[in-house]
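Heads up, the thing below is written out as structure tokens.
The values are calculated or read from the model by the stated rules, or taken from the named source; none is laboratory data. Because the structure is a prediction, the values reported are computed rather than measured. Note: ideal-geometry Cβ built from the backbone for every residue, glycine included; neighbour counts use all protein chains shown. All accessible areas refer to the heavy atoms of the entire protein, side chains included, with ligands and DNA or RNA removed. Shrake-Rupley method; radii C 1.70, N 1.55, O 1.52, S 1.80 Å.
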Amino acid sequence: MFLAVRNVFGTYPAELSLIKALESFIVKFNDLLAQIEAVHRIQQGNTTGARQLKLKEEAEMIEATVKLAATMYVYAQVNDMPDLQAKCAISTSQLERMTDGEVKVTSLNVYDEAVKLGDGLVDYGQTVEDVTKLKKEIDDFSALIASPRSAIVTRSQATRELDSLMREANDLLRNKIDKLMELLKAKQPKVYNTYLAARVIVDLRAGMKVVEEE
């Protein structure tokens, strides 16, 4: 039920990054959502899920990293930027041989360099949305390797953890992100209204769940 909110965050990364505290809370929310999705899969019966999910998320992150790095490598070569070119000399096989921490840091470095270039990569086949997608892949992978919740192996454990994660995500939205979004009401009305609409969806579904449980 949080997907609509995450879509808003992914659509307006530049506008939301203007408030640093808000940006950090959004990163935390995305981490929680990645964990919720992982635990939900296990709850539905994938009891070997932890390892499989990590491999899947790692593969998706590596693919997005290599594509973006290759684009920036060419950009750097054309624009005589040897330092950037060196940072982007990355292959799939190199990343696959790295530890979890190393591959995460390498992907983050590629992402950071891409953010600096902004729209400069459009003519080379990579959009701002592609850069945002890499960040989501990094967040998903980070959530799996950083949290002991990724070690859940039974459906009953998953059910308990899912409830805890949902409460944590709701608390983050209501007591932190909702409050800071008010600061964008006047300066970024489109972003604010889109977020508000997404939040109504979340609250409605949460209410339905409460009624069902009662």
**Ile177, sole failed condition from (1) under 17 Å from Asp31 (Cβ atoms); (2) open to solvent by 80 Å² or more (accessible area, probe 1.4 Å)** = (2)
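Please verify whether the stretch 47-62 includes one or more residues that are surrounded by 20 or more Cβ atoms within 10 Å (Cβ to Cβ) and more than 16 Å from the chain's Cα centre (by Cα). Spell out the reasoning first.
Residues of the stretch 47-62 that are surrounded by 20 or more Cβ atoms within 10 Å (Cβ to Cβ), as a first pass: 49, 53, 57-58, 61-62.
From what's left, more than 16 Å from the chain's Cα centre (by Cα): 49.
Within the stretch 47-62 (the criterion being surrounded by 20 or more Cβ atoms within 10 Å (Cβ to Cβ) and more than 16 Å from the chain's Cα centre (by Cα)), the answer is yes, since at least one residue qualifies.
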**Request:** Return yes or no: is Val8 part of a helix (DSSP H, G or I), over 20 Å from Ser142 (Cα atoms) and modelled with pLDDT under 95?
**Result:** yes
**Asked** Which one of these does Gln43 not meet: (1) under 17 Å from the mean Cα position of the chain (by Cα); (2) buried (at least 17 other Cβ atoms within 10 Å of the Cβ)?
**Response** (1)
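Tell me, yes or no, whether the stretch 88-98 has at least one residue that is free of Cβ contacts under 8 Å to residues at least 40 places away in the same chain, in contact with an Asp or Glu (Cβ under 8 Å, 6 or more places away or on another chain) and under 19 Å from Ala59 (Cβ atoms).
yes
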